[in-house]
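Any read-out appearing in this document is the output of simple, stated calculations on the displayed coordinates, not a laboratory observation. Not measured: the values here are computed from a predicted model. Please note: Cβ atoms are built from the backbone with ideal geometry, for glycine as well, and neighbour counts cover all protein chains shown.
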Amino acid sequence: MGLLDKFKKKSFDNVKDEDIAKFTILMQGNQFGEALEFHEKNFNKSNEGFWYTRGNILTNLNRREESMKCYLKALEIKDTYIKAWFRLGTRYFEFGHFRKACDAFVKTSTLERKIGENEWNTLSTFYYMMSLYLEYENTQDETIKNKIPNQIRKLRKVIDVESNTSDEQFLKFCSENFQNIVDELEPKIVTEFRHPDSKN
């Protein structure tokens, strides 16, 4: 299955192949401003894929608050849209809304388990752990701190640290290497059109 077929299958209904091809070329050429205009004129606004992709374009344009609204709109249309929940969580995380971020990452993982997939679960667990950690740093709420070790146990299996590393050292390592860990854990899905220089 080629790029055009994957994008058409996952994102839009009743859109002409030539429009999808033109949009794909704009996205691959990092022409996000032009892609946004073309996307607005040519795609189906009643489809959750429209809003999700629009959110990703706006993310690439560093229009983060607007992108968050797009993910929310996608979830109004389809509340089981795993990637939209994940991206919404990353926006909340960026803006320091750590409890809302936690809720979005739990939703991502729960939906994945429900359908028997594991594509976004590990990355959601990582963001969830970091959200808890930062929320604890802000509030010193011990009930939040008590949730962190369970997440660390899950992530030790996939984040390469020495086995005798303490929980505090593990969290410090994750904080210092945050973006590298995100880049390593994130599923590489062509249809997201996530620019390599964009952080989520």
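Observations on the structure shown:
- Over the chain: helical MRE at 222 nm, DSSP H runs n ≥ 4 each giving -39500 (n - 2.57), nearest 500: -21500 deg cm²/dmol
- Principal-axis tilt of helix 32-42 within the chain, Cα atoms, nearest 10 degrees: 60
- Neighbourhood net charge (9 Å Cβ-Cβ; Lys/Arg +1, Asp/Glu -1) for residue 104: +3
- Relative intensity, log₁₀ I(q)/I(0), of segment 82-194 from a Debye sum that treats every alpha carbon as a point, q = 0.13, 0.18, 0.20, 0.23 Å⁻¹: -0.47, -0.91, -1.13, -1.45
- Residue ranges 56-62, 85-91, 142-148 sort as 85-91, 56-62, 142-148 when ordered by packing (mean number of other C-beta atoms within 10 Å per residue, highest first).
- Given +1 at the Cβ of Lys and Arg, -1 at the Cβ of Asp and Glu and no other charges, the dipole of segment 16-79 around its Cα centre is 120 debye to the nearest 20.
- Euclidean distance of C-alpha centroids, segment 111-131 and segment 43-61, integer Å: 22
- The alpha carbons of segment 19-149 occupy a box of 52, 31, 24 Å along the principal axes, longest dimension given first.
- Summing charges over all other residues whose Cβ lies under 11 Å from the Cβ of residue 122, with Lys and Arg as +1 and Asp and Glu as -1, gives -2.
- Gaussian network model of the chain, springs between alpha carbon atoms under 10 Å - residue of 109, 175, 131 with greatest fluctuation: 175
- Taking each of 83/114; 107/147; 73/154; 83/145 in turn, the alpha-carbon distance tops 20 angstrom for 73/154; 83/145.
- Nearest 10 degrees, 0 to 90: helix 82-94 Cα axis against the chain principal axis: 60
- Packing-based order for 153-162, 71-80, using average beta carbon neighbours within 10 Å, highest first: 71-80, 153-162
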